[in-house]
Amino acid sequence: MLSCQLLPNFFIYATLLRRCTQMKDMMEGKRVHAHIIKSGMQPDIYLGNTLLNMYANTGSVIDTHRVFDKLPQKDVVSWNTMIVGYAKHGYGEEAFRLFHQMQQEGFKPDTVTCTSILKACTGPRALEWGKHIHSHIMKAGYNVDVRIGNALIDMYAKCGSLEAACQVFDVMPERDVISWTAMIVGLAQHGCGEEALQVFEQMRVEGVEPNAVTFVGVLSACSHAGLVEEAYGYFSSMCHQNGISPVGEHYGCMVDLLGRGGHLKEAEDLIKKMPVEADATVWGSLLGACRTHGNVELAECAAENCLQLEPKDAAVYVLLSHIYAAAGMWGSVTKVRNTMKERGIQKEPGRCWIEVENKIHTFVAEDRTHPQTEEIYAELDKLTGQMKEGGYVADTRCVMHDVDEGEREQAICYHSERLAIVYGLISTEPGTPIHIFKNLRVCSDCHTATKIISKIVRREIVARDANRFHHFKDGSCSCGDYW
DNA sequence: GACCAAGTCA
């Protein structure tokens with residue numbers, strides 16, 4: 001296209017730039033940019049924003065900001081594009097800084113700005129930020145916009161406030177398939193599988209046609225609620241009643257569901273029967289199930305398939321080594337670790353954080369860097385004693401060291417979750433709920449321990465791990481131990 | 001002609 005003799009006009013440049021939507025398209029995007037510069041044309045505001053969007057989708061935030069600074073003229077679309085770019089790259093704080101800066105420079109946020117900034121609400125401050133944006137939305141009268149409503153449901157569900165998500169959903173003047181799907185997914189992520197299915201039934205009653213994504217939510221709700229039979233029913237009605245052909249994600253949910261329920265053979269058979277090639281996610285689900293149900297042989301097969309598709313996925317190596325450790329196969333644990341080292345793959349360290357009086361406190365396992373370390377450890381030891389009196393026995397299967405049982409128990413008792421919870425207990429009023437966040441999935445022993453702690457201290461403990469919420473109360477968890 | 005909303009595993 002570019003080699004044609006006629007000088008390409010803005011429309012052609014914009015079309016070429018819009019094709020660059022992923023990181024792999026960056027070189028192509030830069031070539032078009034270089035061509036524009038060479039042609040001596042001064043891009044108008046539309047082309048400038050298209051260029052900015054190309055960098056935001058394919059490049060680094062630094063490159064994007066450079067283009068933004070050089071734009072001859074900016075409008076609200078330019079600011080929105082920047083906010084989206086930062087949010088996508090995980091720089092929530094930076095997105096919020098831009099949100100304030102645009103207003104200081106006299107640009108009024110529109111509905112697109114608001115839906116975009118809601119995406120940037122992640123991490124420990126997210127709920128506070130989200131509420132701030134929500135009040136901004138109400139003042140501007142944007143709350144009647146269906147996209148705004150949808151983004152609010154998603155934000156509140158992801159930030160831990162399921163009640164607020166339901167409230168937004170309930171008062172929406174108009175709902176589309178995305179509103180319903182966001183609500184179903186939100187409920188499923190909070191362990192409310194049954195409620196999610198009720199919402200789905202209500203959606204059908206109201207005559208809203210579910211789509212393929214809705215069924216991913218429905219199947220994931222079944223998975224988290226342990227409803228195997230129901231899932232088969234929904235899977236079949238999706239194909240026959242709604243005419244939706246299942247894709248990899250639907251099979252992924254089914255494999256996950258069967259695996260969690262211990263039907264490992266059925267899960268493996270389903271993978272073999274899939275009409276589409278199983279991706280790393282599907283094999284990852286099976287691998288996770290093998291850990292839960294302690295099947296070393298199948299785990300090796302699942303891990304091999306995962307690594308063939310995604311050789312650099314640290315989580316796969318970690319899971320496999322945990323499975324070996326649980327089976328006491330220390331030689332294999334060492335082998336996996338050495339392979340990781342040879343291939344330069346590093347595990348993300350487990351971290352937990354809690355907000356107390358507007359300050360974030362972060363902990364890693366066996367952390368002794370907090371100023372109140374002595375107090376935290378003394379309280380945790382006291383609590384562990386009470387837990388043992390109540391029948392708690394440490395489940396050390398996830399400890400990777402080949403050391404004696406005493407040391408393994410020691411390692412587990414000072415996991416980051418427990419340090420964060422205990423810090424929450426000693427620094428907040430009795431009876432108030434404690435919210436903690438974890439970058440990885442919560443380990444099974446900490447899950448058991450947290451249930452017992454919630455009963456002993458009579459507090460609700462809400463934990464957001466890498467992919468869902470756990471609400472611990474009176475000795476049990478909203479996930480029903482199914483996560 | 002440019003920017004925005006929902007998804008499984010770890």
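The values are calculated or read from the model by the stated rules, or taken from the named source; none is laboratory data. Keep in mind that what you see is a predicted model, and the values were worked out from it rather than measured. So basically every Cβ, Gly included, is an ideal-geometry build from the backbone, and we count neighbours across all protein chains shown. Surface accessibility is based on the protein's heavy atoms, side chains included, excluding ligands, DNA and RNA. Shrake-Rupley method; radii C 1.70, N 1.55, O 1.52, S 1.80 Å.
Some observations on this one:
- Hull-based mean projected area of region A:50-162, where the convex hull spans the alpha carbons, in square nanometres: 6.8
- Here the Karplus relation 6.51 cos²θ - 1.76 cosθ + 1.60, evaluated at θ = phi - 60°, turns the backbone of region A:151-165 into coupling constants of 5, 5, 4, 4, 4, 4, 5, 6, 8, x, 9, 5, 4, 5, 4 Hz, with x for every Gly and Pro.
- Note on A:LYS108: lysines with a C-alpha under 19 Å away, same-chain residues under 8 apart excluded, are A:LYS74, A:LYS119, A:LYS131, A:LYS139.
- Solvent exposure of region A:52-132 as accessible area per residue, Å², 1.4 Å probe: 46
- Whole-percent pair-distance distribution, where bins are 5 Å wide, for the alpha carbons of region A:262-347: 3, 16, 27, 24, 17, 8, 5, 0
- Over all orientations, region A:351-477 has a Cα convex hull whose mean projected area works out to 7.4 square nanometres.
- Over 22 Å [Cα-Cα, region A:104-187], rounded percent: 17
- Inter-label distance, nm, simple model (7 Å from Cα along the C-beta direction), A:GLU297/A:MET23: 3.8
- C-alpha center-to-center spacing [region A:81-98, region A:308-387] in angstrom: 29
- Heavy-atom accessible surface of region A:262-347, averaged per residue, reaches 55 Å², computed with a 1.4 Å probe.
- Per-residue ellipticity at 222 nm from helix content only, as computed over chain A with -39500 (n - 2.57) for each DSSP H run of at least four residues, stands at -19500 deg cm²/dmol.
- Here the Kirkwood formula, the inverse mean of 1/r across different C-alpha pairs, assigns region A:175-246 a hydrodynamic radius of 11.7 Å.
- Accessible surface of region A:175-246, 1.4 Å probe, proportion on carbon and sulfur as whole %: 54
- Rounded accessible area per residue of region A:351-477, 1.4 Å, Å²: 48
- With contacts taken as Cα pairs under 8 Å at a separation of at least 6 residues, region A:351-477 carries a relative contact order of 27 percent.
- Carbon-plus-sulfur accessible fraction, region A:257-318 (probe radius 1.4 Å, protein heavy atoms only): 51%.
- Atom-type composition of the exposed protein surface of region A:351-477 places 48 percent of the accessible area on carbon and sulfur (1.4 angstrom probe).
- Listed by chain and number, the aspartates and glutamates placed with their C-alpha closer than 15 angstrom to that of A:LYS388 are A:GLU379, A:GLU409, A:ASP445; residues fewer than eight positions away on the same chain are left out.
- Rg and Dmax, both from the Cα atoms of chain A and both in Å, are 25.0, 84.
- Using a Förster distance of 45 Å, the FRET efficiency for A:CYS239-A:TRP330 (Cβ separation, nearest 0.05): 0.45
- When both region A:227-256 and region A:149-211 are represented by their alpha-carbon centers, they are found 19 Å apart.
- Lysines whose Cα lies under 26 Å from that of A:LYS312, excluding same-chain neighbours fewer than 8 positions away: A:LYS24, A:LYS88, A:LYS272, A:LYS335, A:LYS341, A:LYS347, A:LYS438
- Less than 5 angstrom separates the built amide H of A:ARG351 from those of A:ASN439, A:LEU440, all sequence-distant by 5 or more or on a different chain.
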